[in-house]
Number of protein chains: 2
Amino acid sequence: MSAKPVSLKVLAARLGLTVGTVSRALNGYKDISPVTRDRVKRAADEMGYRPNQTARRLSLGAPETVCYLMPRYSSSIAQPFVAQLLQGLGEALSKRNWDLLVSHAESSKEELAQIDRLVRSGRVGGLVISRPLKNDPRIRLIQDLKCPFVVHGRTASSDDYAWYDVDGDAAFVEAVNHLVGLGHGDIAFVGAPLQYQFAQDRLNGYERAMLGNGLTLTREYTQIADFSDEGGEIATNMLLDLPKPPTAIVCVSDTMALGALAAIRERGMVPGQDISVIGYDGLKFGTHANPPLSTMAQPQAHAGRRLGDMLLSIIDGDDPTKHQELQRAYLLRRKTDGPLHLAEAGSIVSEREELQ
Amino acid sequence: MSAKPVSLKVLAARLGLTVGTVSRALNGYKDISPVTRDRVKRAADEMGYRPNQTARRLSLGAPETVCYLMPRYSSSIAQPFVAQLLQGLGEALSKRNWDLLVSHAESSKEELAQIDRLVRSGRVGGLVISRPLKNDPRIRLIQDLKCPFVVHGRTASSDDYAWYDVDGDAAFVEAVNHLVGLGHGDIAFVGAPLQYQFAQDRLNGYERAMLGNGLTLTREYTQIADFSDEGGEIATNMLLDLPKPPTAIVCVSDTMALGALAAIRERGMVPGQDISVIGYDGLKFGTHANPPLSTMAQPQAHAGRRLGDMLLSIIDGDDPTKHQELQRAYLLRRKTDGPLHLAEAGSIVSEREELQ
DNA sequence: TTGCGCTCCGAAACCGGTTTCGGTTAGCGT
DNA sequence: ACGCTAACCGAAACCGGTTTCGGAGCGCAA
């Protein structure tokens with residue numbers, strides 16, 4: 001249809017006005033008479049005028065763009081939440097016609113350099129980062145750069161910035177309590193590297209709940225492995241090789257839990273019956289696991305929209321520390337959690353039931 | 001560290017030069033003496049100068065940005081490929097410091113309006129679209145807009161633009177042939193709405209292979225349903241309710257195949273034994289299905305990079321029709337494909353064998 | 001009639017870069 | 001000594017918008 005986009009200049013020329021006048025007319029300035037304003041607006045969408053955003057943003061001094069820093073994955077299976085998050089973010093931003101950029105770096109150093117370029121070059125007015133480390137160098141950098149940002153997750157000291165997180169600590173307390181309620185006492189933890197704050201949080205919840213239930217923490221029952229299904233499988237194999245293997249396992253993520261199920265099935269045992277497993281994330285494909293994976297679920301779709309709204313209001317000048325949202329996970333029982341089988345653990349069960 | 005970004009003006013002032021000179025020095029013009037060029041460059045990265053991209057792009061008249069139009073999903077389980085694609089795209093674009101924008105629309109009309117705004121406002125210099133319909137209105141719009149683009153997938157008439165696709169037709173021929181080789185003859189197809197070209201392609205392959213093996217096509221053996229795991233389950237239930245249910249099913253995607261497995265298990269049958277199932281996509285989580293899903297796999301990570309490179313060279317002036325890449329899927333045998341079981345279907349089976 | 005204020009629009013500066021054009025200086029040959 | 005050329009840099013236009021400032025035109029009251 002239209003070859004070249006129509007600029008403000010040609011629109012003004014066609015109307016016999018100056019560009020300044022046309023611009024003000026379109027932007028609803030009140031020093032323009034209603035009749036010319038209408039005339040301008042009509043001509044504008046007759047000619048299909050779209051203001052050049054690059055020029056507009058340069059003039060405004062605001063990029064009207066935010067960037068999502070895609071997390072690096074060890075396993076390709078761990079990615080489904082990205083699309084949902086992007087969708088939610090886009091939804092929030094589109095209300096103001098802001099743009100959503102995505103950036104992906106191979107290494108941590110590269111990522112820092114990229115962040116620096118991104119904000120120093122004025123391309124973005126805000127950042128969203130996922131899955132921070134305990135002490136994440138990106139956050140200090142962004143703070144130094146004085147660029148508005150929100151974090152999907154938290155770091156060790158999360159007081160002075162905005163974040164949206166799910167309470168992993170509380171979730172694992174609930175998971176462990178649930179298992180204890182089912183009669184389990186030998187509960188193990190399959191975790192991810194503790195440089196990730198979320199991994200630490202969930203481990204904390206696990207330990208707190210164990211202690212709270214009068215159970216003892218065994219070093220061998222805490223297995224840290226690569227954050228992937230393979231990692232979950234390896235960790236679980238370690239557990240099953242123990243002289244006294246656990247009767248239940250809580251996993252730091254659904255992905256790792258999938259690996260745990262594989263390891264268990266491999267030995268001819270059936271998850272949820274011979275040994276219980278609870279994951280974390282509530283990913284949809286858990287329903288198709290073997291057997292369907294019980295998990296601590298969370299409202300994923302919500303996160304993107306909330307993060308987007310938070311970031312926008314911070315850019316508007318809000319105090320970042322006012323935007324800290326802790327969501328609660330809920331237990332989604334499917335088929336991998338079950339009562340302790342009396343047949344094979346005998347006396348131990350009765351002891352525990354007395355305790356409760 | 002640095003509060004406000006340093007502009008070309010202050011850099012020039014500090015050097016006692018004009019902005020034009022500094023700009024040319026940094027951009028390697030040869031009408032600048034080597035000594036001042038070095039002096040400028042040194043000062044530039046001493047002061048941490050980063051050219052304002054918004055201004056630069058306005059001046060250049062090129063947005064140096066491409067946009068990926070996120071597909072709309074009926075089921076949240078179908079999204080894992082998005083993150084991989086974005087990663088690949090970003091990788092290709094970052095070689096030139098181009099930006100990657102993502103856009104998501106709720107409805108088709110909205111999407112068209114968004115595309116129009118996106119290119120008419122000069123924000124993007126290229127587009128990537130996924131999973132086109134047979135006759136996709138987006139493509140005509142983008143062509144009218146004269147905006148460079150590449151398609152991840154194809155439409156019914158795909159001669160006049162650039163695309164990257166996997167040969168779904170050939171893949172389903174291979175899948176059906178494989179099943180026939182295992183002794184199956186009553187092979188059904190679980191598909192997605194035929195408005196999607198990929199759904200039609202795969203159906204074509206299925207039908208061609210059936211005919212090619214001397215098998216007859218039955219209307220009831222072709223079940224079209226919603227493109228989701230639930231859809232796959234519903235379709236499979238229809239098939240299993242048939243007076244003469246199929247002994248093997250090929251599914252248009254892994255997601256739908258997961259639903260098929262669920263329906264089969266629901267009736268106490270075991271996939272890969274009582275009835276064979278082959279999916280399509282090769283998604284990682286298929287290994288954790290019950291049982292592990294056999295599928296037509298494809299090199300996912302490759303797609304993003306290729307699409308990015310293609311788009312870039314088209315923007316550089318290449319003929320789009322020179323960039324049409326058809327990838328080949330390969331059979332990934334896991335546990336849901338198996339030989340036809342004569343033993344357990346009793347009379348029904350013998351009937352069937354007579355018919356054949 | 002003069003003066004005042006209000007309405008409405010034109011002119012121009014500005015955002016931060018890029019690029020063209022022209023002029024100064026130095027170096028060279030004769 | 002003169003002129004010519006080449007090397008080097010300054011000045012200014014430009015990209016396409018936004019926004020401030022000032023002035024023309026008008027109505028109204030003194």
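The values are calculated or read from the model by the stated rules, or taken from the named source; none is laboratory data. What you are looking at is a predicted structure, and each value in this text was computed from that prediction instead of being measured. Cβ coordinates were reconstructed from backbone atoms using ideal geometry, including for glycine residues, and neighbour counts include every protein chain displayed. For accessibility, only protein heavy atoms count, side chains too; no ligands or nucleic acids. Shrake-Rupley method; radii C 1.70, N 1.55, O 1.52, S 1.80 Å.
Miscellaneous remarks
- Among residues of the range A:264-292 that are touching a residue at least 60 places away in the same chain (Cβ under 8 Å), those with a beta-carbon under 6 Å from a residue that is small (Gly, Ala, Ser) and surrounded by fewer than 24 Cβ atoms within 10 Å (Cβ to Cβ) at least six positions away or on a different chain give the pairs A:GLY272/A:GLY338; A:GLN273/A:GLY338; A:SER276/A:GLY338; A:LYS284/B:SER76.
- When A:ILE115 is tested against (1) at pLDDT 95 or above; (2) within 11 Å of another protein chain (Cβ to nearest Cβ), just one condition goes unmet, and that condition is (2).
- Pairing each residue of the range B:3-20 that is more than 8 Å from DNA strand C (Cβ to nearest atom) with any residue that is open to solvent by 60 Å² or more (accessible area, probe 1.4 Å) and in a helix (DSSP H, G or I), provided the two are 6+ apart or on different chains, yields C-beta distances under 6 Å for B:ALA12/B:VAL19.
- Criterion violated by B:LEU283 - all others in (1) modelled with pLDDT of 95 or more; (2) closer than 30 Å to B:SER94 by Cβ; (3) in the same structural domain as B:PHE227 (by TED's automatic domain parsing) satisfied: (1)
- Test: residue in the range A:236-248 that is open to solvent by 20 Å² or more (accessible area, probe 1.4 Å), closer than 28 Å to A:PHE81 by Cβ and among the acidic types (Asp, Glu): no
- A:ASP38 being more than 8 Å from DNA strand C (Cβ to nearest atom) and either touching a residue at least 24 places away in the same chain (Cβ under 8 Å) or not β-branched (Val, Ile, Thr) (or both): yes
- Selection of the range B:238-290 for residues being polar (S, T, N, Q) and either within 14 Å of another protein chain (Cβ to nearest Cβ) or over 23 Å from B:LEU215 (Cβ atoms) (or both) yields B:SER253, B:THR255, B:THR287, B:ASN290.
- Evaluation of A:GLU110 against (1) without any contact (Cβ under 8 Å) to a residue 24 or more places away in the chain; (2) within 16 Å of DNA strand D (Cβ to nearest atom); (3) charged (D, E, K, R) (one fails), failing number: (2)
- The set of residues from the range B:48-63 being away from DNA strand D (no atom under 14 Å from the Cβ) and touching a helix residue (DSSP H, G or I) at 6+ places or on another chain (Cβ under 6 Å) comprises B:TYR49, B:ARG50.
- Members of the range B:114-133 that are in contact with a strand residue (DSSP E or B) (Cβ under 7 Å, 6 or more places away or on another chain) and part of a loop (DSSP other than H, G, I, E, B): B:ARG123, B:VAL124, B:GLY125, B:ARG131, B:PRO132
- Of A:ASP169, A:ASP159, all but one fail to be more than 29 Å from B:VAL6 (Cβ to Cβ) and surrounded by fewer than 16 Cβ atoms within 10 Å (Cβ to Cβ); the exception is A:ASP159.
- When residues in the range A:94-147 are screened for being hydroxyl-bearing (Ser, Thr, Tyr), more than 21 Å from the chain's Cα centre (by Cα) and open to solvent by 20 Å² or more (accessible area, probe 1.4 Å), 0 of them pass.
- Count of the range A:24-48 residues, restricted to those that are within 30 Å of A:VAL124 (Cα to Cα) and open to solvent by less than 40 Å² (accessible area, probe 1.4 Å), is 3.
- In the range A:9-47, the qualifying residues are those that are out of contact with any Ser or Thr (no Cβ under 9 Å at 6 or more places or on another chain) and within 7 Å of DNA strand D (Cβ to nearest atom), and the one that is farthest from the other protein chains (Cβ to nearest Cβ) is A:ASP31.
- Across the range A:65-105, the number of residues qualifying as part of a loop (DSSP other than H, G, I, E, B) and either out of contact with any His (no Cβ under 7 Å at 6 or more places or on another chain) or at pLDDT 95 or above (or both) comes to 12.
- Criterion: in contact with a Leu (Cβ under 8 Å, 6 or more places away or on another chain) and open to solvent by 10 Å² or more (accessible area, probe 1.4 Å) - qualifying residue of A:LEU261, A:LEU182: A:LEU182
- Taking the numbered list (1) surrounded by fewer than 24 Cβ atoms within 10 Å (Cβ to Cβ); (2) within 14 Å of chain B (Cβ to nearest Cβ); (3) more than 15 Å from the chain's Cα centre (by Cα) in turn, A:GLN300 passes all entries but (3).
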